[in-house]
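In what follows, a single structure is set out as structure tokens and then discussed.
The values are calculated or read from the model by the stated rules, or taken from the named source; none is laboratory data. Since this is a predicted model, take the numbers as computed values, not measurements. A quick note on method: Cβ atoms are made from the backbone with ideal geometry, for glycine too, and the neighbour counts reach across all protein chains shown. These accessible areas exclude ligands, DNA and RNA; they are computed on the full protein's heavy atoms, side chains included. Shrake-Rupley method; radii C 1.70, N 1.55, O 1.52, S 1.80 Å.
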Amino acid sequence: MKRTKTSKNWMHEHVDDFYVQEAQKQGYRSRAAFKLIQANEKFKFIKHDSRAVDLGAAPGSWSEVLSRLIGKSGRIVALDILEMQNIKNVEFIQGDFREQLVLQKIEKVLENDKLDLVISDMAPNISGIKVKDQLGIIYLNELALDFSLKWLKPNGHFLVKSFVGADFEKFLGEVKRQFKIVTTFKPKASRDRSSEIFIYGSEFLSN
Ligand SMILES: C[S@@+](CC[C@H](N)C(=O)[O-])C[C@H]1O[C@@H](n2cnc3c(N)ncnc32)[C@H](O)[C@@H]1O
């Protein structure tokens, strides 16, 4: 493939990036690890005995963070449409979270035991068609929220990546109805030019 100026710029930016270097030093699969680490430094929601589900987990750096902080005392279930190499203390399910059968599979693995934490970094492949991409992420956000409503313990926590754009405010409003405290957050590790934003919901108001 011909290397365009844009792809060269991307490569330089990537190699020079502080978080790429830090991920290599600290043994994480990707720089995304620091988004979760920074969210947890701010909100302190990952406990040594948490029961957690990580949606859109591949290549696995969020799961690695969970594995280091939770270890054997809790439980970590990760899901992605792509394959993911094994991570200690993490049970992995491969499948498309939009499919009912995949949802049933993860629910079966959970064996009726409720969760302290649902985190979702799921994002669809970007098609370049802005409206389509935005609706695609909001749909995944909605599915992650529905899953949380069913599986979180009272006072459980929800962290989800979204993008500012159509239907974002509506989705944020839905999260606000379900959690006592809701904060939007852009970690330092999130690139300025990315419109990604994280929504953190604390203290699930279960009915
Ligand atoms: C930004 S990456 C996640 C990075 C991950 N948090 C990490 O730290 O390594 C987004 C992931 O969402 C996954 N994904 C997108 N749509 C999905 C779907 N419908 N079901 C399951 N996973 C999906 C992608 O395959 C991709 O691995």
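Where q = 0.11, 0.18, 0.22, 0.26 Å⁻¹, what log10 of I(q)/I(0) comes from the Debye formula for segment 108-195, counting one point per Cα? Debye curve over Cα of segment 108-195, log10 I(q)/I(0) at q = 0.11, 0.18, 0.22, 0.26 Å⁻¹: -0.34, -0.85, -1.16, -1.42. For HIS48, the accessible area of its heavy atoms, probed at 1.4 Å with every protein chain present, is near 120 square angstrom.
Using a Förster distance of 30 Å, how high is the FRET efficiency between GLN94 and ARG177, based on the Cβ-Cβ distance and rounded to 0.05? Walk me through the numbers before you get to the answer.
Details: r = 32 Å, r/R0 = 1.07.
Efficiency at R0 = 30 Å is approximately 0.40.
Selection among VAL164, ILE119, ILE181 by position relative to the dipole of the chain gives VAL164 as farthest towards the positive end (Cβ unit charges, Cα centre).
Each residue was assigned an accessible area with a 1.4 Å probe, and for LYS170 the value is about 130 Å². Ordering VAL164, VAL65 by accessible surface, largest first, gives VAL164, VAL65; the 1.4 Å probe counts only protein heavy atoms, with every chain in place. Given segment 10-140 reduced to its alpha-carbon atoms as identical point scatterers, what log10 I(q)/I(0) does the Debye formula return at q = 0.18, 0.21, 0.23 Å⁻¹? Each listed q corresponds, in turn, to -1.08, -1.32, -1.43.
Given a 1.4 Å probe and the protein chains as shown, THR184 ends up with an accessible area of around 60 Å². For segment 13-58, the fraction of C-alpha pairs more than 14 angstrom apart is 60%. Quick one: Cα centre-to-centre distance for segment 106-137 and segment 143-199, in angstrom? Spelled out, the Cα-based centre of one part sits 11 Å from the other.
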